[in-house]
Every structure is written in structure tokens, then in C-alpha cells.
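Note sheet for the following structure.
The values are calculated or read from the model by the stated rules, or taken from the named source; none is laboratory data. All values derive from a computational prediction rather than experimental measurement. Just so you know, the surface numbers come from the protein's heavy atoms only, side chains and all, with ligands and any DNA or RNA stripped out. Shrake-Rupley method; radii C 1.70, N 1.55, O 1.52, S 1.80 Å.
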Amino acid sequence: MRRLAAIAAIGILGLAACSEEPAPTDMPPESGSGIASSDTATTPPEDELGSDAVMQGEWISKQLAGNPAVLFGPPGTEASFSVGCEDGELVFSRSVLVEPGETDMRLMAGGEIRTLDGTAQAEPLPRVTARLPAGDPFATILAGLDAPFAVSVAGGPSFRMPPSDAFRRVVADCRG
């Protein structure tokens, strides 16, 4: 009986590994991110969004289109979330496949929830992008963040990330 249970567990893990979608060059789709199983957690009530487990990953500083940015994702994979600075705005991008068009992106940080107008695109890479003026009071919270924060797209599960000096630096530098 134990052997049958072990074989079943290995089979399930194998199927889960095979079901991941290939990662695009910018960011992987939410359902195939290769992130720990907590990525599939259900969405908690609105006042507790982002209270699920912190995702495993690392922050990488980069230049995107000549602008400072920071990307988050599991080591050795493509980023699942990024934030950059363009023309005095923070630009948030979350890899997720949703119907193209307008959709909401929620950011949860420092006990605050901010819903931004986002734009979903399926091509060339599935993602939702939203913008926040760098002078917005919520950007002040992000610039001083020393606790995990989360993002949720189109009412889907939240994606909670650890704080990062690189993240705070991009936000603070964008604020001027």
C-alpha cells in the first residue's frame, strides 16, 4: 500500500511538472510560473489579500528599455513580476494570461490596498501592466517597505513577494 501511494505521488509530481507552460522571455504565465505550490492558493478576503505564503524567488536589477527596473522570480527562471520607472511613473507588470483588454491590478503593501487600471495582453507575452504616478502616496509606502507585499490581477490569486533593497531603490529613485 505504501509503495502504491509513493508511485501515485511521483506520478502526480511528474504530471505537475509536465503541465507547466513554457516561460516567455519576459515573464512566465501565472499558471505555469514554476513557483512553489502556494502560487495556487485561493484568494483570501479583500482585507487579507496577500496573506498567503511568500513566494520563493530573487530580485534582479536590470535596465528595461533604458529605464531602471527590478524583476522577481524563482532562481534560474524568467521573472513573474517586475516594476520599473518610465517618465515619472512606476510601471508594474505581472505575468498572467487573462482576456486582453482592461483589467484590475491590486497591490497590497503596508496594510494598504491599491487597485490600478491595468491592461492585459496575450501577445507577444501574456501579462498585465499597470501604472502608478511616482508621486502617489502609495509609492511612499512602497519606497519604505520592509515587509512582504502582494499583487493580484483580475481577482485571481495573490502573488506575495519578499521585500527587497533593489525594489525599494527603484521606487525611491523614480520618486526623485
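Points to keep in mind about this one:
- Solvent-accessible surface of region 70-176, averaged per residue with a 1.4 angstrom probe and all protein chains in place: 42 square angstrom.
- Stretching the chain fully between A53 and A172 yields a gain of 40.2 nm (0.36 nm per residue, less the alpha carbon separation).
- Accessible area of region 52-175 belonging to carbon and sulfur atoms, whole % at 1.4 Å probe: 48
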